[in-house]
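Here's the structure, in structure tokens; my notes come after.
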Amino acid sequence: MSQLARTSKNLPRVEQSFAKLSTVLKMMPEAKEIIRRITESKKITVGMMAKDFIQSDTYGNPIRLSTYQNKYVLVDFWASWCLTCREENPNVLAVYHQYKEKNFTVLSVSIDVLANKANWLNAIKEDQLPWTQVSDLKKENEAAKLYGITSIPSNVLIDPNGKIIAKDIKGKELRDKLAELLGTDK
């Protein structure tokens, strides 16, 4: 159950199963982490309005999420050291190029820390990510905490009105959702 709780999509099932455990099992150290992940995952849900935040871009300029109002925006949480994040970047890059002229963009939030800033900047360059990248370079990223991010890669898709319309969609699921919203032609 502890392994399943590391993926946010599994958390509703984990919560149902966890509720059926004995009191003894619920008091184990692993249980505290499962409870934390379940609680954090409820900070942001599909249908609620996105929570605004400000973080600095790679040049140190403050970027506010709400400036992306009137666009579909994928808020992508990642880190330079996260292999699965780096593996998902080509998919995000492909949808960015396909839909950037159709009222869509990406805002990436890195959970890298100050000591890894050079690695973060290098990963952006290596993966050729042209959209805005932000981070507060803190041990616990404030935007990630605000959004209840407990594992990466993670994302939320926000509509032009600021409402969250999808959460943690990757690969084909992301491509299909954007095709549904924005069409398939370039």
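In the stretch 107-114, the condition of being open to solvent by 10 Å² or more (accessible area, probe 1.4 Å) and at pLDDT below 95 is met by at least one residue.
The criterion of at least 2 residues that are more than 21 Å from Leu174 (Cβ to Cβ) and in contact (Cβ under 8 Å) with a residue 40 or more places away in the chain is met by the following strands (runs of 3 or more DSSP E) wholly inside the stretch 1-118: 54-57.
Collect the residues in the stretch 119-143 that are part of a helix (DSSP H, G or I), under 20 Å from Tyr68 (Cα atoms) and open to solvent by less than 10 Å² (accessible area, probe 1.4 Å), keeping them in residue-number order.
Once the filter is applied, which keeps residues that are part of a helix (DSSP H, G or I), under 20 Å from Tyr68 (Cα atoms) and open to solvent by less than 10 Å² (accessible area, probe 1.4 Å), the stretch 119-143 yields only Ala143.
Annotation for the stretch 25-37: no member residue is closer than 26 Å to Lys163 by Cα and modelled with pLDDT of 85 or more. The residue that is surrounded by the most Cβ atoms within 10 Å (Cβ to Cβ), among those in the stretch 147-165 that are modelled with pLDDT under 95 and aliphatic (A, V, I, L, M), is Ile149. Taking the stretch 64-86, which residues are β-branched (Val, Ile, Thr) and farther than 11 Å from Val109 by Cα? Selection gives Thr67, Val73, Thr84.
The values are calculated or read from the model by the stated rules, or taken from the named source; none is laboratory data. Please read these numbers as outputs of a predicted model, since none were measured by experiment. Using ideal geometry, Cβ is built from the backbone for each residue, glycine included, and neighbour counts are taken over all protein chains shown. What goes into the accessible areas is simple: the full protein's heavy atoms, side chains included, and nothing from ligands, DNA or RNA. Shrake-Rupley method; radii C 1.70, N 1.55, O 1.52, S 1.80 Å.
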